[in-house]
There are 2 protein chains.
Amino acid sequence: MSAPRPQAEGEAAPAPGPPRHSGELGSTQASHRLLAYSDALLSIIATVMILPVAHTKIHPDQKLGESVQQLLLTKIAVYLMTFLIVTVAWAAHVRLFQVIELIDDVLALLNLACMMLITFLPYTFSLMASFPGVPFGIFLFSTCAVVIGLVQAVIVAYGFYHPYLLNNQIQVSENQVFYKHHILQIILRGPVLCFLAAIFSFFFIPMSYVLLGLVIFLPHITRLIIWCKNKTVGPKEDEESHRLEAFTFYLNEPLSKERVEAFSDGVYAIVATLLILDICEDNVPDSKEVKDKFHGRLIEALSEYGPNFLAYFASFVTTGLLWFVHHSLFLYITKTSRFMGLLNTFSLAFIGGLPLAYQLTSEFAEKSHNEIEAIQVSCVITFFASIFQFAIWITALFHERETLHPLARYGGKEHAFMFAKLALYPCVSLGAFFLTCLLSKFSTAIFHIMQIVVPFAFLALRILVRISLAIMKSMLSLSRRKNVVLDEEETCLSPAETLS
Amino acid sequence: MSAPRPQAEGEAAPAPGPPRHSGELGSTQASHRLLAYSDALLSIIATVMILPVAHTKIHPDQKLGESVQQLLLTKIAVYLMTFLIVTVAWAAHVRLFQVIELIDDVLALLNLACMMLITFLPYTFSLMASFPGVPFGIFLFSTCAVVIGLVQAVIVAYGFYHPYLLNNQIQVSENQVFYKHHILQIILRGPVLCFLAAIFSFFFIPMSYVLLGLVIFLPHITRLIIWCKNKTVGPKEDEESHRLEAFTFYLNEPLSKERVEAFSDGVYAIVATLLILDICEDNVPDSKEVKDKFHGRLIEALSEYGPNFLAYFASFVTTGLLWFVHHSLFLYITKTSRFMGLLNTFSLAFIGGLPLAYQLTSEFAEKSHNEIEAIQVSCVITFFASIFQFAIWITALFHERETLHPLARYGGKEHAFMFAKLALYPCVSLGAFFLTCLLSKFSTAIFHIMQIVVPFAFLALRILVRISLAIMKSMLSLSRRKNVVLDEEETCLSPAETLS
């Protein structure tokens, strides 16, 4: 009935059971479910800092502009940085379990310990952001990061102590010790910097921030430097290729596509349901109030919450459709480079802002001036979330032989259709943004029409694309026929010329 | 590097791309990611109604006993019923996508619409529960259910209109029309009852409740009746076997193990992080307050939140370890029957209560009397969550040939170890419960020791089990040697007797 679960690579055995080695290794297991669970935890944690942003009470008399600025300065920055930190931790986790392919009970428990510490990171970070001048906040964050690094180092050491758990490529390699030291070095680089930051926090705080900034941006800076070097000097010589190969194995290896998908799914799922969490808790009217205020008429009491429901449906639909686009895109992507992963992270970070934006639109249903701004914020967030998806597609097209399925490449059957799918949301949100600028009186109407039209546009997209392709083709053939006619005239002329 | 994603059954092709048919079917896709996303959404929604329970403010002067009773009557009942309703909807969804194995864009969008309505169900249900006498609440809930049913019926109709999307077994069957009517009948049975309930809500409310109760319990009642019939009368005759086969295909077919795992993972992940959601939002101290009240000492301000952090770690560890047990269990389960699915649902419903229980322990850190009750509630919830996991294992053992991997069956290498893993939490929680009854003064100490000891017990479990097995073996061999000695004495005697 159901599709069989993925087995670790190199295993042809379709047996549903877990133990794949006999003798002492009876306790070894494939790691996919552990990874799926980790992805779910990390994606929830990545988006959690949007809640303090979403629940900031903005006084209805206040202008949204000021409040948004106030928000932007602290809470949104905290949210975005948290998202980045968690995705860095997630990427490290992906890399770690590309080295270790099988798990046993000890590794599963160590991984859970690691997860627990990572889920605590956002809190320590928001403490650090709220008290930038207090050493304890930085100390806590750094200590957390150090302990995470140590647990990961223990996982690696355990893996190399039981080599049958490792990736095949390392298992058969002769340089296992070199690999081990190399991986430990990469893993412990961050914690060492954090350790220094923790020490510096007690006497020279700015240095701590520099060090922590280094940890987060180091992988990207390193890659940029390597990329620049390769562009200017050209790739390194044969002599060093052995070392380079080992290096690239961990730094430039594409991210596992499955885990990118699983992490994204988690973010989309929690974001889609963020508003219903609030609605279920806050918007069930009190039975006493209904009796006193609305004379027992439930519908009237509920109609007060109408905008909230609308906001929920709008954010669910937008998140759902952007998930749909993401899903369609990743169906045709065969390999995700690190840069595509980074673009995906940016897209997801904006996705996390969607419920917030839609909540704003519901809260300012009455105040017409603020509503336009709320709608515009929604449009901008939608635009960025979708344009980064589009950027993933463009990046994939640059290396289409390695990264794209043949059907989606230039000239492929699905190319035009994918293009239309990915371009729909950026175009619509940009259009709605400028329309609300021009026709500020009808902003709400424009926004609602956009929300209703988009799902149907997706349903009919295949037909629309076919029609427009047919029109383009007929126009092309028309112009070609003209060319052919011209050509014929020329060919008619030329023999005449040659004759003359 | 990474394991290949599961392909739909019967496909040997390892190609990473999605389109598996040529020609007109280029847009067809494997459905695994859609299902993973749906599972994530549904598992979040299933646990969402624990939030109103968790956030009920209990006055510290109030005795917990009364408050708990008050909670039990409404919010906990709403939570459990919501959980049950969502899992019924989830099971229907699993069944639906066991019929439809491939998807295209239209199906993906229809599924998203279906998800949106299902995520709204908990809210309508809690409205209905808060206003049991108001027709509108029942009407809304019933309408929602009717629309979900209609969307599912459209999905089925679409699937049969494009038969290449269907399950292989149905695709090659000659009775496609029969199957179609049969499936539509099963799917529309619920909505028809809900429709009647919606109508009845306006003039005879009790009838509505009876009808809605029927919808939720009908599958279980049907199964019970069939089971009883089979036990008393024996399985039906050959004549009807054709119809029976079709029937069993949808009602008694085991649930897809992967989807049970995915749904469970979602619940465990959201439950593990429920408390951090609150902590991130509420427990970042205000910088002004820290300055005024604690003279800028952050550590002192944070120490006020100490119990909350402890509660978070305790609930994360417990949820994580129960996930670990679940993971170990399902590694050895090859097939999940419906009854095992039901037990899993019960286990998950109690898991959902864990953060609430641990929050209670943190809130009553001072009041010693209430704390014992909070600790006992935690122990009871942990006990039930783990005992239902144990029950899954027992159920699996009853049909071990079909449901268990050879290593975990009676006499298998891993049998004793699995038994110990599954028995650890029920024993520990039961022990802690009775110890707190006896030594009420040391209840907190007992509880904390339990929390610290359990993870290490899991780490050392394999060694402990080996030691105890070795001891048992040596004792057995000792007693056997005694037997042998006795036997020898007997045999020594007997010849003598025969001689005499």
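The values are calculated or read from the model by the stated rules, or taken from the named source; none is laboratory data. Quick caveat, the model's predicted, so the values are computed rather than measured. Cβ atoms come from the backbone with ideal geometry, glycine included; neighbour counts cover every protein chain shown. Just the protein is used for accessible areas: all its heavy atoms, side chains included, with ligands, DNA and RNA removed. Shrake-Rupley method; radii C 1.70, N 1.55, O 1.52, S 1.80 Å.
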Please pick out the residue among B:Phe388, B:Phe442, B:Phe456, B:Phe434 that is surrounded by 14 or more Cβ atoms within 10 Å (Cβ to Cβ) and either assigned to a helix (DSSP H, G or I) or at positive phi (or both).
B:Phe388
State the number of residues belonging to region B:328-346 that are assigned to a helix (DSSP H, G or I) and within 9 Å of chain A (Cβ to nearest Cβ).
4
Looking at region B:103-112, can you tell me whether even one residue there is part of a loop (DSSP other than H, G, I, E, B) and at pLDDT below 65?
no
What number of residues within region A:111-131 are within 19 Å of B:Thr319 (Cα to Cα), open to solvent by 10 Å² or more (accessible area, probe 1.4 Å) and at the interface with chain B (Cβ under 9 Å from one of its Cβ atoms)?
4
Determine whether region B:296-307 contains at least one residue that is basic (Lys, Arg) and touching a residue at least 24 places away in the same chain (Cβ under 8 Å).
no
Could you please find all residues in region A:269-282 being more than 7 Å from every other protein chain (Cβ to nearest Cβ) and either farther than 30 Å from B:Leu127 by Cβ or not aliphatic (A, V, I, L, M) (or both)?
A:Asp278, A:Asp282
How many of the residues in region B:132-141 are open to solvent by less than 10 Å² (accessible area, probe 1.4 Å) and either under 25 Å from the mean Cα position of the chain (by Cα) or at the interface with chain A (Cβ under 10 Å from one of its Cβ atoms) (or both)?
1
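Given B:Phe324, B:Phe330, B:Phe316, which one is of a type in the set (A, V, I, L, M, F, W, C), in contact with an Asp or Glu (Cβ under 6 Å, 6 or more places away or on another chain) and open to solvent by less than 30 Å² (accessible area, probe 1.4 Å)?
Of the residues listed, the single one that is of a type in the set (A, V, I, L, M, F, W, C), in contact with an Asp or Glu (Cβ under 6 Å, 6 or more places away or on another chain) and open to solvent by less than 30 Å² (accessible area, probe 1.4 Å) is B:Phe330.
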Total residues in region A:132-144, condition over 18 Å from B:Phe313 (Cα atoms) and either in contact with a His (Cβ under 6 Å, 6 or more places away or on another chain) or not in a loop (DSSP other than H, G, I, E, B) (or both):
6
From the options A:Ile186, A:Ile155, residue that is within 14 Å of chain B (Cβ to nearest Cβ) and either part of a helix (DSSP H, G or I) or exposed (fewer than 15 other Cβ atoms within 10 Å of the Cβ) (or both)
A:Ile155
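Confirm whether A:Val78 is in contact with a Ser or Thr (Cβ under 7 Å, 6 or more places away or on another chain), more than 9 Å from chain B (Cβ to nearest Cβ) and modelled with pLDDT of 80 or more.
So A:Val78 passes the test.
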Of the residues in region A:196-243 that are at pLDDT 75 or above and of a type in the set (Gly, Ala, Ser), the one that is nearest to the chain's Cα centre (by Cα) is A:Gly213
Which residue pairs have Cβ atoms under 6 Å apart, sit 6 or more places apart or on different chains, and have a first residue in region A:95-106 that is more than 17 Å from A:Gln169 (Cα to Cα) and more than 10 Å from every other protein chain (Cβ to nearest Cβ) and a second that is open to solvent by 10 Å² or more (accessible area, probe 1.4 Å) and among the charged types (D, E, K, R)?
none
In region B:382-392, the residues that are within 14 Å of the chain's Cα centre (by Cα) and either free of Cβ contacts under 8 Å to residues at least 60 places away in the same chain or more than 14 Å from B:Met450 (Cβ to Cβ) (or both)
B:Phe384, B:Ala385, B:Ile387, B:Phe388, B:Gln389, B:Phe390, B:Ala391, B:Ile392
The lone condition A:Ala349 fails out of (1) surrounded by 20 or more Cβ atoms within 10 Å (Cβ to Cβ); (2) out of contact with any Lys or Arg (no Cβ under 6 Å at 6 or more places or on another chain); (3) within 14 Å of chain B (Cβ to nearest Cβ) is (3)
Quick check: is even one residue across region A:407-422 more than 14 Å from chain B (Cβ to nearest Cβ), under 26 Å from B:Leu109 (Cβ atoms) and surrounded by 21 or more Cβ atoms within 10 Å (Cβ to Cβ)?
no
For region B:283-301, check the following and say yes or no: at least one residue is among the polar types (S, T, N, Q), within 7 Å of chain A (Cβ to nearest Cβ) and surrounded by 24 or more Cβ atoms within 10 Å (Cβ to Cβ).
no
